[in-house]
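Asker: Got a structure for you, questions after.
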Amino acid sequence: MTDAAVLPGQPRGMVTSGPATVRAVNVLAPNASAMTLDGTNTWLVSEPDSELAVVIDPGPLDEAHLRAVIATAEQAGKRVALTLLTHGHPDHAEGAGRFAELTGTKVRALDPALRLGDEGLAAGNVIRTGGLELRVVATPGHTADSLCFHLPADRAVITGDTILGRGTTVVAHPDGRLGDYLDSLRRLRSLTVDDGVTTVLPGHGPVLEDAQGAVEYYLAHRAHRLAQVETAVENGFVTPEAVVAQVYADVDRSLWPAATWSVQAQLEYLRDHGLIPGGPE
């Protein structure tokens with residue numbers, strides 16, 4: 001998270017655990033920080049009349065939190081049948097192995113190193129559990145292994161760190177690439193236009209009720225930051241650290257190390273497209 005902007009469709013107030021849509025319930029992990037906002041949102045997703053549930057992003061290796069997720073399912077008369085990961089950052093995935101032990105579930109992810117079981121995840125996969133349908137959407141950019149999960153019955157998309165509920169996310173260079181990220185945002189915009197997605201269920205921060213507005217904001221923000229970086233380079237600020245000091249002067253300094261990753265990704269993008277010196281000839 002690198003900016004504290006208010007996003008379209010963002011409600012006021014703190015993020016809390018509880019129902020977000022007909023099929024999705026948030027169990028908020030107790031790992032709040034400047035980077036994780038209120039904490040990691042662990043999503044418990046199921047059909048209302050089903051005894052089976054899917055958990056997306058168990059979160060950090062926090063025994064109390066993992067057991068709270070299971071208890072939330074049991075209180076609703078459900079059993080966790082599958083665990084999915086949006087990406088491998090520890091605040092989303094570190095607890096997955098222990099959660100799999102507690103629930104007896106497989107863990108499916110894009111990165112083979114994160115999987116527990118034979119099945120991975122890939123773009124276009126459709127996951128059906130207890131009548132629930134989730135569609136896997138490839139959204140690299142924040143990280144190379146980032147995925148989103150389209151929940152068509154609720155006209156919602158679970159975005160991990162690709163879109164946050166407050167502020168903007170980091171392109172975690174060198175694993176994350178800006179060109180990939182912009183393509184992923186356009187892919188999510190297509191979901192809002194072509195598939196009627198209205199709601200963003202983010203990995204951190206509050207639920208967003210204007211999915212299209214949020215995606216458009218993210219695209220505009222990235223274009224604005226990219227222009228600022230290009231101008232900074234033209235004015236002689238060529239190192240990532242110098243660019244951060246110029247472009248992110250309005251951002252809390254505790255976030256500057258993360259902003260440096262995004263700036264490195266932006267500089268790489270500008271060089272690759274021949275917009276600043278140092279790219280391919």
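Readers should treat all values here as calculations from the given coordinates under stated rules, not as data from a laboratory. Note that the structure is predicted; figures quoted are calculated from it, not measured. Because the Cβ atoms are built from the backbone with ideal geometry, glycine has one as well, and the counts that use them run over all protein chains shown.
Asker: Say R0 is 35 Å: what FRET efficiency, to the nearest 0.05, do A242 and L116 get from their beta-carbon distance?
Answerer: For R0 = 35 Å, the calculated efficiency reads 0.20.
Asker: Under the rule of -39500 (n - 2.57) per DSSP H run of 4 or more residues, summed and divided by the residues of the chain, what mean residue ellipticity at 222 nm is obtained, to the nearest 500 deg cm²/dmol?
Answerer: After summing the helix terms and dividing by residue count, I get -10500 deg cm²/dmol.
Asker: Okay, moving on. Which order do D250, D111, D161 fall in if you start with the one that has the fewest other Cβ atoms within 10 Å?
Answerer: D250, D111, D161
Asker: Okay, moving on. What is the distance, in nm, between label points placed 7 Å from the Cα along the Cα-to-Cβ direction at A71 and at H224?
Answerer: That separation, rounded to one decimal, is 4.2 nm.
Asker: Explain nothing, just compute: Karplus ³J(HN,Hα) = 6.51 cos²θ - 1.76 cosθ + 1.60, θ = phi - 60°, for every residue of segment 131-148 in order, whole Hz, x for Gly and Pro.
Answerer: Computed from phi, the couplings for segment 131-148 are x, 6, 10, 10, 10, 7, 10, 6, 9, x, x, 4, 9, 5, 9, 5, 10, 10 Hz.
Asker: OK, next. So between E51 and V126, what do we pick up on full extension, going 0.36 nm a residue minus the alpha carbon distance?
Answerer: 25.1 nm
Asker: Hey, another quick one. Within segment 79-111, list the trypsin sites (Lys or Arg not before Pro) lying in a DSSP loop whose Cβ has at most 16 other Cβ atoms in a 10 Å radius.
Answerer: Answer in residue order: K106.
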